[in-house]
Amino acid sequence: MADPIRVCIVDDEERFRDTLAKLLSRHGFSVRTAGGGQEALELLAQAPSDVIVLDVKMPGLSGEQALPLLRAACPEAEVLVLTGHASVDIASAMIAGGAADYLLKPCPTEELEGAIRAVYDRRQATRPR
Amino acid sequence: MNAKNSTKPEAGPEGFAFPPLWPHTVLAPGLAGAAVLATLLTPPAVDVALALVAGAICIGSALTLARRIRRGEGELREMDLRLLHSQKLAAIGELSSGIAHEINNPLAIITQELDLAREITADCQGLSDEDLSDARDSLREIAKQVDRCRQITHKLLNFARKMEPVLQEEALEQVIEDMALLVEKEAQGRGVAIARDYAPDLPHVRTDVPLLRQVILNLLTNALHATPPGGTITLLTRRADGQVSIAVRDTGCGIAPENMEKIFDPFFTTKEPGKGTGLGLSVSHGIVARLGGSLAATSRPGQGATFTVTLPL
Ligand SMILES: Nc1ncnc2c1ncn2[C@@H]1O[C@H](COP(=O)(O)OP(=O)(O)O)[C@@H](O)[C@H]1O
Ligand SMILES: [Mg+2]
(Lines give C-alpha, C1' and ligand atoms only; values in the text may rest on other atoms or scores of the structure.)
(Ligands and ions follow the chains in the order given, each with its own letter.)
Protein backbone atom coordinates (compact mmCIF):
# COMPACT_ATOMS: atom_id res chain seq x y z
CA MET A 1 0.00 0.00 0.00
CA ALA A 2 1.21 3.48 -0.88
CA ASP A 3 2.22 5.82 1.90
CA PRO A 4 -0.78 7.72 3.24
CA ILE A 5 -1.09 11.39 2.26
CA ARG A 6 0.04 13.47 5.24
CA VAL A 7 -2.44 16.25 5.94
CA CYS A 8 -2.12 19.09 8.44
CA ILE A 9 -5.41 20.82 9.33
CA VAL A 10 -5.04 24.39 10.57
CA ASP A 11 -8.33 25.77 11.94
CA ASP A 12 -9.30 27.64 15.10
CA GLU A 13 -12.57 25.70 15.45
CA GLU A 14 -11.59 22.70 17.54
CA ARG A 15 -14.63 20.64 16.69
CA PHE A 16 -14.18 21.34 13.01
CA ARG A 17 -10.59 20.19 12.84
CA ASP A 18 -11.18 17.18 15.09
CA THR A 19 -14.09 15.79 13.09
CA LEU A 20 -12.33 16.51 9.82
CA ALA A 21 -9.30 14.67 11.19
CA LYS A 22 -11.50 11.72 12.16
CA LEU A 23 -13.10 11.60 8.71
CA LEU A 24 -9.82 11.88 6.83
CA SER A 25 -8.16 9.26 9.03
CA ARG A 26 -11.00 6.85 8.36
CA HIS A 27 -10.34 7.38 4.68
CA GLY A 28 -6.67 6.51 4.91
CA PHE A 29 -5.00 9.91 5.36
CA SER A 30 -2.42 10.54 8.03
CA VAL A 31 -3.68 13.62 9.89
CA ARG A 32 -2.34 16.17 12.33
CA THR A 33 -4.20 19.26 13.55
CA ALA A 34 -3.23 22.75 14.69
CA GLY A 35 -5.45 25.43 16.25
CA GLY A 36 -3.59 28.30 14.59
CA GLY A 37 -0.69 29.39 12.41
CA GLN A 38 1.85 29.31 15.20
CA GLU A 39 0.97 25.78 16.27
CA ALA A 40 1.09 24.65 12.64
CA LEU A 41 4.62 26.03 12.28
CA GLU A 42 5.65 24.05 15.34
CA LEU A 43 4.10 20.85 13.96
CA LEU A 44 5.79 21.30 10.60
CA ALA A 45 9.12 21.87 12.28
CA GLN A 46 8.77 18.37 13.79
CA ALA A 47 7.74 16.63 10.55
CA PRO A 48 6.63 17.72 7.10
CA SER A 49 3.14 17.35 5.62
CA ASP A 50 2.03 16.81 2.03
CA VAL A 51 -1.04 19.02 2.15
CA ILE A 52 -1.89 21.82 4.59
CA VAL A 53 -5.61 22.64 4.94
CA LEU A 54 -5.60 26.27 6.07
CA ASP A 55 -8.36 28.45 7.50
CA VAL A 56 -8.18 32.23 6.92
CA LYS A 57 -9.83 33.94 9.87
CA MET A 58 -8.03 32.80 13.01
CA PRO A 59 -6.98 34.66 16.14
CA GLY A 60 -3.24 35.21 16.42
CA LEU A 61 -1.54 34.36 13.16
CA SER A 62 -4.24 34.55 10.45
CA GLY A 63 -4.21 32.28 7.42
CA GLU A 64 -2.99 35.10 5.23
CA GLN A 65 -0.09 35.85 7.57
CA ALA A 66 0.67 32.17 8.10
CA LEU A 67 0.77 31.22 4.39
CA PRO A 68 4.28 32.52 3.53
CA LEU A 69 5.68 31.23 6.85
CA LEU A 70 4.17 27.77 6.34
CA ARG A 71 5.49 27.61 2.79
CA ALA A 72 8.93 28.57 4.01
CA ALA A 73 8.80 26.07 6.87
CA CYS A 74 7.63 23.23 4.64
CA PRO A 75 8.28 23.97 0.95
CA GLU A 76 7.21 20.49 -0.16
CA ALA A 77 3.66 20.93 1.18
CA GLU A 78 0.76 22.19 -0.92
CA VAL A 79 -1.59 24.62 0.82
CA LEU A 80 -5.35 24.28 0.38
CA VAL A 81 -7.32 27.21 1.76
CA LEU A 82 -10.65 26.27 3.39
CA THR A 83 -12.63 29.16 4.84
CA GLY A 84 -16.12 30.43 5.59
CA HIS A 85 -15.17 33.88 4.37
CA ALA A 86 -15.81 34.19 0.68
CA SER A 87 -13.81 37.08 -0.63
CA VAL A 88 -12.39 37.34 -4.09
CA ASP A 89 -9.65 39.60 -2.74
CA ILE A 90 -8.49 37.16 -0.09
CA ALA A 91 -8.78 34.22 -2.48
CA SER A 92 -6.66 35.85 -5.16
CA ALA A 93 -4.14 37.07 -2.60
CA MET A 94 -3.82 33.55 -1.19
CA ILE A 95 -3.47 31.96 -4.62
CA ALA A 96 -0.90 34.61 -5.55
CA GLY A 97 0.87 33.78 -2.28
CA GLY A 98 1.25 30.19 -3.41
CA ALA A 99 -1.90 28.42 -2.19
CA ALA A 100 -2.90 25.57 -4.49
CA ASP A 101 -6.67 25.91 -4.14
CA TYR A 102 -9.38 27.86 -2.33
CA LEU A 103 -12.49 26.09 -1.00
CA LEU A 104 -15.48 27.59 0.73
CA LYS A 105 -17.02 26.23 3.92
CA PRO A 106 -19.29 24.37 4.29
CA CYS A 107 -17.65 21.91 1.94
CA PRO A 108 -18.84 18.30 1.69
CA THR A 109 -16.11 15.97 2.93
CA GLU A 110 -16.03 14.15 -0.39
CA GLU A 111 -15.27 17.36 -2.25
CA LEU A 112 -12.59 18.39 0.20
CA GLU A 113 -10.99 14.97 -0.03
CA GLY A 114 -11.07 15.19 -3.80
CA ALA A 115 -9.35 18.57 -3.64
CA ILE A 116 -6.69 17.26 -1.25
CA ARG A 117 -5.95 14.31 -3.55
CA ALA A 118 -5.92 16.58 -6.59
CA VAL A 119 -3.36 19.04 -5.20
CA TYR A 120 -1.31 16.11 -3.90
CA ASP A 121 -1.31 14.39 -7.31
CA ARG A 122 -0.44 17.64 -9.02
CA ARG A 123 2.50 18.08 -6.68
CA GLN A 124 3.67 14.51 -7.32
CA ALA A 125 3.48 15.14 -11.07
CA THR A 126 5.37 18.44 -11.02
CA ARG A 127 7.95 17.50 -8.39
CA PRO A 128 8.90 13.87 -8.95
CA ARG A 129 10.94 12.39 -6.19
CA MET B 1 -20.93 89.60 -9.59
CA ASN B 2 -23.85 87.65 -8.37
CA ALA B 3 -24.86 87.29 -11.98
CA LYS B 4 -21.59 85.67 -12.96
CA ASN B 5 -21.83 83.06 -10.25
CA SER B 6 -25.38 82.31 -11.08
CA THR B 7 -24.85 81.63 -14.78
CA LYS B 8 -23.58 78.20 -13.79
CA PRO B 9 -26.11 76.19 -11.88
CA GLU B 10 -24.77 75.58 -8.42
CA ALA B 11 -23.75 71.95 -8.25
CA GLY B 12 -24.59 70.12 -5.07
CA PRO B 13 -23.08 66.82 -3.93
CA GLU B 14 -23.33 63.87 -6.32
CA GLY B 15 -24.18 65.93 -9.39
CA PHE B 16 -27.27 67.51 -7.98
CA ALA B 17 -27.92 70.84 -9.80
CA PHE B 18 -29.79 73.61 -8.09
CA PRO B 19 -32.17 75.25 -10.64
CA PRO B 20 -30.59 78.44 -12.09
CA LEU B 21 -31.48 81.57 -10.16
CA TRP B 22 -29.92 83.95 -12.70
CA PRO B 23 -31.07 86.49 -13.93
CA HIS B 24 -33.72 86.87 -11.24
CA THR B 25 -31.18 87.38 -8.47
CA VAL B 26 -30.26 90.67 -10.21
CA LEU B 27 -33.61 91.54 -11.75
CA ALA B 28 -35.65 91.48 -8.55
CA PRO B 29 -33.51 93.75 -6.32
CA GLY B 30 -32.38 95.86 -9.31
CA LEU B 31 -35.87 96.64 -10.50
CA ALA B 32 -37.18 97.19 -6.97
CA GLY B 33 -34.47 99.84 -6.61
CA ALA B 34 -35.26 101.24 -10.05
CA ALA B 35 -38.93 101.58 -9.12
CA VAL B 36 -38.05 103.50 -5.98
CA LEU B 37 -35.58 105.73 -7.86
CA ALA B 38 -38.10 106.31 -10.64
CA THR B 39 -40.76 107.57 -8.23
CA LEU B 40 -38.22 109.88 -6.60
CA LEU B 41 -36.36 111.26 -9.62
CA THR B 42 -38.69 111.44 -12.59
CA PRO B 43 -41.64 113.83 -13.13
CA PRO B 44 -44.93 112.54 -11.69
CA ALA B 45 -46.51 111.61 -15.03
CA VAL B 46 -43.63 109.34 -16.01
CA ASP B 47 -42.78 107.90 -12.58
CA VAL B 48 -46.06 106.10 -12.08
CA ALA B 49 -45.72 104.30 -15.38
CA LEU B 50 -42.04 103.50 -14.81
CA ALA B 51 -42.59 102.36 -11.23
CA LEU B 52 -45.50 100.17 -12.34
CA VAL B 53 -43.46 98.50 -15.08
CA ALA B 54 -40.38 98.04 -12.86
CA GLY B 55 -42.53 96.86 -9.97
CA ALA B 56 -44.36 94.31 -12.13
CA ILE B 57 -41.13 92.83 -13.51
CA CYS B 58 -39.69 92.87 -10.00
CA ILE B 59 -42.64 90.94 -8.58
CA GLY B 60 -42.47 88.45 -11.46
CA SER B 61 -38.75 87.93 -10.83
CA ALA B 62 -39.23 87.52 -7.10
CA LEU B 63 -41.94 84.91 -7.68
CA THR B 64 -39.74 82.99 -10.13
CA LEU B 65 -36.89 83.14 -7.64
CA ALA B 66 -39.05 81.82 -4.84
CA ARG B 67 -40.42 78.99 -7.02
CA ARG B 68 -36.97 77.92 -8.16
CA ILE B 69 -35.59 77.97 -4.64
CA ARG B 70 -38.50 75.87 -3.41
CA ARG B 71 -37.97 73.37 -6.20
CA GLY B 72 -34.26 73.21 -5.42
CA GLU B 73 -34.92 72.56 -1.76
CA GLY B 74 -37.42 69.83 -2.56
CA GLU B 75 -34.90 68.09 -4.79
CA LEU B 76 -32.20 68.44 -2.16
CA ARG B 77 -34.41 66.83 0.46
CA GLU B 78 -35.27 64.02 -1.93
CA MET B 79 -31.59 63.46 -2.56
CA ASP B 80 -30.93 63.37 1.16
CA LEU B 81 -33.54 60.65 1.52
CA ARG B 82 -32.11 58.72 -1.41
CA LEU B 83 -28.64 58.99 0.08
CA LEU B 84 -29.86 57.82 3.47
CA HIS B 85 -31.65 54.92 1.82
CA SER B 86 -28.60 53.86 -0.15
CA GLN B 87 -26.47 54.04 2.99
CA LYS B 88 -29.02 51.88 4.76
CA LEU B 89 -28.97 49.38 1.92
CA ALA B 90 -25.19 49.29 1.99
CA ALA B 91 -25.28 48.64 5.73
CA ILE B 92 -27.81 45.85 5.27
CA GLY B 93 -25.72 44.36 2.47
CA GLU B 94 -22.64 44.44 4.64
CA LEU B 95 -24.59 42.93 7.49
CA SER B 96 -25.98 40.08 5.42
CA SER B 97 -22.62 39.16 3.96
CA GLY B 98 -21.37 39.22 7.55
CA ILE B 99 -24.17 36.83 8.46
CA ALA B 100 -23.34 34.52 5.62
CA HIS B 101 -19.71 34.34 6.73
CA GLU B 102 -20.56 33.75 10.33
CA ILE B 103 -23.09 31.06 9.52
CA ASN B 104 -20.75 29.24 7.14
CA ASN B 105 -18.60 28.14 10.07
CA PRO B 106 -21.30 26.36 12.07
CA LEU B 107 -22.66 24.99 8.78
CA ALA B 108 -19.24 23.55 7.99
CA ILE B 109 -19.26 21.68 11.29
CA ILE B 110 -22.80 20.43 10.71
CA THR B 111 -21.85 19.18 7.26
CA GLN B 112 -18.93 17.21 8.62
CA GLU B 113 -20.82 15.71 11.51
CA LEU B 114 -23.52 14.61 9.09
CA ASP B 115 -20.95 13.05 6.78
CA LEU B 116 -19.43 11.19 9.70
CA ALA B 117 -22.76 10.02 11.12
CA ARG B 118 -23.89 8.87 7.66
CA GLU B 119 -20.72 6.98 7.11
CA ILE B 120 -20.85 5.26 10.47
CA THR B 121 -24.50 4.31 10.18
CA ALA B 122 -24.21 3.23 6.54
CA ASP B 123 -23.80 -0.41 7.49
CA CYS B 124 -25.52 -0.87 10.80
CA GLN B 125 -24.71 -4.55 11.28
CA GLY B 126 -21.09 -4.04 12.13
CA LEU B 127 -21.63 -1.15 14.50
CA SER B 128 -19.06 -1.32 17.28
CA ASP B 129 -19.54 0.38 20.64
CA GLU B 130 -17.05 3.02 19.60
CA ASP B 131 -18.83 3.70 16.30
CA LEU B 132 -22.14 3.92 18.09
CA SER B 133 -20.89 6.45 20.59
CA ASP B 134 -19.23 8.40 17.77
CA ALA B 135 -22.52 8.50 15.90
CA ARG B 136 -24.43 9.68 18.99
CA ASP B 137 -21.79 12.31 19.62
CA SER B 138 -22.07 13.50 16.03
CA LEU B 139 -25.82 13.87 16.26
CA ARG B 140 -25.49 15.81 19.51
CA GLU B 141 -23.01 18.11 17.85
CA ILE B 142 -25.34 18.68 14.90
CA ALA B 143 -28.06 19.83 17.28
CA LYS B 144 -25.58 22.13 19.02
CA GLN B 145 -24.39 23.77 15.83
CA VAL B 146 -27.91 24.22 14.52
CA ASP B 147 -28.68 26.02 17.76
CA ARG B 148 -25.64 28.22 17.15
CA CYS B 149 -27.02 29.24 13.76
CA ARG B 150 -30.37 29.91 15.33
CA GLN B 151 -28.81 32.19 17.94
CA ILE B 152 -27.06 34.20 15.27
CA THR B 153 -30.12 34.59 13.09
CA HIS B 154 -32.40 35.37 16.02
CA LYS B 155 -30.15 38.06 17.42
CA LEU B 156 -29.86 39.44 13.95
CA LEU B 157 -33.60 39.53 13.50
CA ASN B 158 -33.87 41.46 16.74
CA PHE B 159 -31.28 43.78 15.32
CA ALA B 160 -33.07 44.31 12.04
CA ARG B 161 -36.61 44.35 13.34
CA LYS B 162 -38.20 47.73 12.88
CA MET B 163 -40.12 47.32 16.08
CA GLU B 164 -41.68 50.40 17.62
CA PRO B 165 -40.88 50.47 21.33
CA VAL B 166 -43.91 49.97 23.58
CA LEU B 167 -43.52 52.42 26.41
CA GLN B 168 -44.63 51.70 29.96
CA GLU B 169 -43.88 53.20 33.37
CA GLU B 170 -41.62 51.08 35.49
CA ALA B 171 -39.25 51.41 38.41
CA LEU B 172 -35.76 51.23 36.96
CA GLU B 173 -34.48 49.25 39.92
CA GLN B 174 -37.07 46.60 39.27
CA VAL B 175 -35.96 46.14 35.67
CA ILE B 176 -32.32 45.86 36.74
CA GLU B 177 -33.03 43.53 39.66
CA ASP B 178 -35.03 41.14 37.45
CA MET B 179 -31.95 40.66 35.29
CA ALA B 180 -29.48 40.64 38.19
CA LEU B 181 -31.40 37.73 39.73
CA LEU B 182 -31.15 35.86 36.43
CA VAL B 183 -27.36 35.91 36.41
CA GLU B 184 -26.72 35.90 40.15
CA LYS B 185 -26.66 32.09 40.40
CA GLU B 186 -24.13 31.78 37.61
CA ALA B 187 -22.10 34.62 39.11
CA GLN B 188 -21.97 32.89 42.49
CA GLY B 189 -20.88 29.69 40.79
CA ARG B 190 -17.99 31.59 39.21
CA GLY B 191 -17.09 33.34 42.46
CA VAL B 192 -18.15 36.76 41.18
CA ALA B 193 -20.09 39.08 43.51
CA ILE B 194 -22.87 41.37 42.33
CA ALA B 195 -23.02 44.68 44.20
CA ARG B 196 -25.73 47.34 44.04
CA ASP B 197 -25.37 51.08 44.22
CA TYR B 198 -28.80 52.46 43.38
CA ALA B 199 -29.61 56.17 43.65
CA PRO B 200 -32.42 56.70 46.19
CA ASP B 201 -35.88 57.88 45.08
CA LEU B 202 -35.39 57.60 41.33
CA PRO B 203 -38.59 58.46 39.46
CA HIS B 204 -40.18 55.76 37.30
CA VAL B 205 -38.92 55.61 33.75
CA ARG B 206 -41.16 55.47 30.68
CA THR B 207 -39.54 52.93 28.47
CA ASP B 208 -39.92 49.62 26.64
CA VAL B 209 -39.28 47.27 29.54
CA PRO B 210 -38.57 44.03 27.62
CA LEU B 211 -36.09 45.84 25.37
CA LEU B 212 -34.33 47.49 28.29
CA ARG B 213 -34.18 44.12 30.06
CA GLN B 214 -32.45 42.64 27.03
CA VAL B 215 -29.84 45.43 27.11
CA ILE B 216 -29.12 44.99 30.82
CA LEU B 217 -28.89 41.23 30.43
CA ASN B 218 -26.41 41.62 27.56
CA LEU B 219 -24.24 43.96 29.62
CA LEU B 220 -24.41 41.67 32.65
CA THR B 221 -23.46 38.54 30.68
CA ASN B 222 -20.54 40.37 29.09
CA ALA B 223 -19.36 41.57 32.49
CA LEU B 224 -19.69 38.07 33.88
CA HIS B 225 -17.65 36.60 31.03
CA ALA B 226 -14.94 39.22 31.53
CA THR B 227 -14.64 38.96 35.32
CA PRO B 228 -12.39 36.38 36.98
CA PRO B 229 -13.29 34.66 40.28
CA GLY B 230 -13.05 37.05 43.21
CA GLY B 231 -14.17 39.97 41.06
CA THR B 232 -17.21 42.17 41.47
CA ILE B 233 -19.90 43.43 39.13
CA THR B 234 -21.49 46.65 40.37
CA LEU B 235 -24.88 47.87 39.21
CA LEU B 236 -25.35 51.62 39.57
CA THR B 237 -28.13 54.07 38.85
CA ARG B 238 -27.79 57.84 38.78
CA ARG B 239 -29.96 60.81 37.90
CA ALA B 240 -28.73 64.02 36.28
CA ASP B 241 -30.17 66.77 34.05
CA GLY B 242 -33.46 65.10 33.16
CA GLN B 243 -31.73 61.80 32.46
CA VAL B 244 -31.15 58.56 34.28
CA SER B 245 -28.15 56.39 33.80
CA ILE B 246 -27.62 52.71 34.50
CA ALA B 247 -24.04 51.53 34.74
CA VAL B 248 -22.71 47.98 34.77
CA ARG B 249 -19.18 48.09 36.13
CA ASP B 250 -16.88 45.10 36.40
CA THR B 251 -13.41 44.33 37.66
CA GLY B 252 -12.62 42.08 34.70
CA CYS B 253 -10.06 42.00 31.93
CA GLY B 254 -11.15 45.33 30.46
CA ILE B 255 -11.05 46.26 26.78
CA ALA B 256 -7.85 46.83 24.80
CA PRO B 257 -7.68 50.42 23.48
CA GLU B 258 -7.53 49.21 19.87
CA ASN B 259 -10.80 47.30 20.37
CA MET B 260 -12.67 50.18 21.96
CA GLU B 261 -13.94 51.39 18.56
CA LYS B 262 -14.97 47.97 17.39
CA ILE B 263 -16.91 46.53 20.32
CA PHE B 264 -20.24 47.93 19.09
CA ASP B 265 -19.74 46.55 15.57
CA PRO B 266 -21.92 43.62 14.63
CA PHE B 267 -19.91 40.36 14.76
CA PHE B 268 -16.96 41.86 16.59
CA THR B 269 -16.00 39.41 19.30
CA THR B 270 -12.82 38.45 21.09
CA LYS B 271 -14.42 35.25 22.32
CA GLU B 272 -13.63 31.81 20.95
CA PRO B 273 -15.61 30.60 17.95
CA GLY B 274 -18.96 29.31 19.15
CA LYS B 275 -18.70 31.25 22.43
CA GLY B 276 -19.45 34.76 21.24
CA THR B 277 -21.65 36.04 18.44
CA GLY B 278 -20.41 39.63 18.61
CA LEU B 279 -24.01 40.78 18.44
CA GLY B 280 -24.76 41.59 22.10
CA LEU B 281 -23.36 45.11 22.14
CA SER B 282 -24.44 46.08 18.64
CA VAL B 283 -27.99 44.94 19.37
CA SER B 284 -27.94 46.75 22.73
CA HIS B 285 -26.62 49.89 21.12
CA GLY B 286 -29.45 49.80 18.57
CA ILE B 287 -32.08 49.24 21.26
CA VAL B 288 -30.87 52.08 23.48
CA ALA B 289 -30.80 54.44 20.52
CA ARG B 290 -34.38 53.45 19.71
CA LEU B 291 -35.33 54.22 23.30
CA GLY B 292 -33.94 57.72 22.82
CA GLY B 293 -30.83 57.16 24.92
CA SER B 294 -27.19 56.29 24.48
CA LEU B 295 -24.82 53.47 25.40
CA ALA B 296 -21.17 54.19 26.16
CA ALA B 297 -18.19 52.19 27.34
CA THR B 298 -15.11 53.10 29.32
CA SER B 299 -12.34 50.76 30.34
CA ARG B 300 -8.97 50.53 31.96
CA PRO B 301 -7.40 47.45 30.42
CA GLY B 302 -6.62 44.86 33.06
CA GLN B 303 -8.77 46.60 35.65
CA GLY B 304 -12.27 46.41 34.28
CA ALA B 305 -14.90 48.04 32.13
CA THR B 306 -18.00 50.16 32.67
CA PHE B 307 -20.96 50.23 30.31
CA THR B 308 -23.38 53.10 30.87
CA VAL B 309 -26.90 53.33 29.48
CA THR B 310 -28.33 56.84 29.59
CA LEU B 311 -32.08 57.28 29.10
CA PRO B 312 -34.28 60.37 28.98
CA LEU B 313 -36.64 60.77 31.94
N1 LIG C 1 -17.50 43.93 30.30
C2 LIG C 1 -16.60 43.72 29.33
N3 LIG C 1 -15.28 43.61 29.64
C4 LIG C 1 -14.36 43.39 28.66
N5 LIG C 1 -14.66 43.26 27.35
C6 LIG C 1 -15.93 43.35 26.98
C7 LIG C 1 -16.98 43.57 27.94
N8 LIG C 1 -18.16 43.64 27.26
C9 LIG C 1 -17.86 43.44 25.96
N10 LIG C 1 -16.54 43.27 25.78
C11 LIG C 1 -15.84 43.05 24.51
O12 LIG C 1 -16.71 43.37 23.44
C13 LIG C 1 -16.86 42.26 22.56
C14 LIG C 1 -18.22 42.28 21.93
O15 LIG C 1 -19.23 42.04 22.89
P16 LIG C 1 -20.65 41.54 22.40
O17 LIG C 1 -21.11 42.44 21.29
O18 LIG C 1 -21.54 41.40 23.56
O19 LIG C 1 -20.35 40.13 21.72
P20 LIG C 1 -19.86 38.77 22.43
O21 LIG C 1 -20.15 38.88 23.89
O22 LIG C 1 -20.68 37.73 21.77
O23 LIG C 1 -18.40 38.67 22.13
C24 LIG C 1 -16.55 41.05 23.42
O25 LIG C 1 -16.13 39.94 22.68
C26 LIG C 1 -15.45 41.59 24.33
O27 LIG C 1 -14.21 41.60 23.68
MG1 LIG D 1 -21.94 39.49 24.65
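The values are calculated or read from the model by the stated rules, or taken from the named source; none is laboratory data. What you see is a predicted model; the values in this text were computed from it and never measured. With ideal geometry, Cβ positions are generated from the backbone for all residues, glycine too; neighbour counts draw on all protein chains shown. Ligands, DNA and RNA are excluded from the accessible area calculation, which covers all protein heavy atoms including side chains. Shrake-Rupley method; radii C 1.70, N 1.55, O 1.52, S 1.80 Å.
Accessible surface for region B:168-312, divided over its residues, is 48 Å² per residue with a 1.4 Å probe. Surface composition of region B:168-312: carbon plus sulfur atoms contribute 51% of the solvent-accessible area (1.4 Å probe, protein chains only, all chains present).
Think of a 1.4 Å ball rolled over the protein heavy atoms: chain A then has 46 Å² of accessible area per residue. Take the alpha carbon gyration tensor of region B:97-145, find the square roots of its eigenvalues, order them as a ≥ b ≥ c, and report rounded if a/c is under 1.5; if not, report prolate when a/b exceeds b/c, else oblate. It comes out prolate by the Cα gyration axes. In region A:14-32, the residues whose accessible area drops by at least 20 square angstrom when the other protein chains are added to the isolated chain are A:Arg15, A:Phe16, A:Thr19, A:Lys22, A:Leu23, A:Arg26, A:His27; the probe is 1.4 Å and only protein heavy atoms count. Going from the isolated chain to the complete set of protein chains, region B:107-129 loses at least 30 Å² of heavy-atom accessible area (1.4 Å probe) at B:Ala108, B:Ile109, B:Thr111, B:Gln112, B:Glu113, B:Asp115, B:Leu116, B:Glu119. In the protein assembly as shown, a dipole from Cβ-located charges (positive for Lys and Arg, negative for Asp and Glu) runs towards its positive end, and of B:Pro266, A:Leu61, B:Thr221 it is B:Pro266 whose Cα lies farthest in that direction. Taking a ≥ b ≥ c as the square roots of the eigenvalues of the Cα gyration tensor of region A:78-119, is the shape rounded (a/c under 1.5), prolate (a/b larger than b/c) or oblate? Judged from the Cα gyration tensor, region A:78-119 comes out oblate (a/c at least 1.5, b/c at or above a/b).
Per residue, region B:22-85 exposes 67 Å² of solvent-accessible protein surface, assessed with a 1.4 angstrom probe and all protein chains in place.
Using unit Cβ charges (K, R positive; D, E negative) and no other charged atoms, how large, in debye to the nearest 20, is the dipole of the protein assembly as shown about its Cα centre?
1500 debye
For the pair A and B, the buried accessible area comes to roughly 1900 Å² in total, with a 1.4 Å probe and the value rounded to the nearest 100.
For region A:19-59, with all protein chains present and a 1.4 Å probe, just round the carbon and sulfur fraction of the accessible area to a whole percent. Carbon with sulfur: 53 percent of the solvent-accessible area. Per residue of chain A, the DSSP helices (runs of n ≥ 4 H) give a summed -39500 (n - 2.57) that works out to -14500 deg cm²/dmol at 222 nm. Every Cα-Cα pair in chain A was counted, and those over 22 Å apart are 26% of them. For region B:22-85, the fraction of 1.4 Å probe accessible surface lying on carbon and sulfur atoms is 74 percent. Shape of the protein assembly as shown from its Cα gyration tensor (a ≥ b ≥ c, root eigenvalues): rounded if a/c is under 1.5, otherwise prolate when a/b > b/c, or oblate? Because a/c hits 1.5 or more and a/b fails to exceed b/c, the protein assembly as shown counts as oblate. Rounded to two decimals, the Cα-based Rg/Rh of region B:168-312, with Kirkwood Rh, is 0.94. In region A:90-108, comparing the full protein assembly with the chain on its own, the residues that lose 50 Å² or more of accessible surface at a 1.4 Å probe are A:Pro106.
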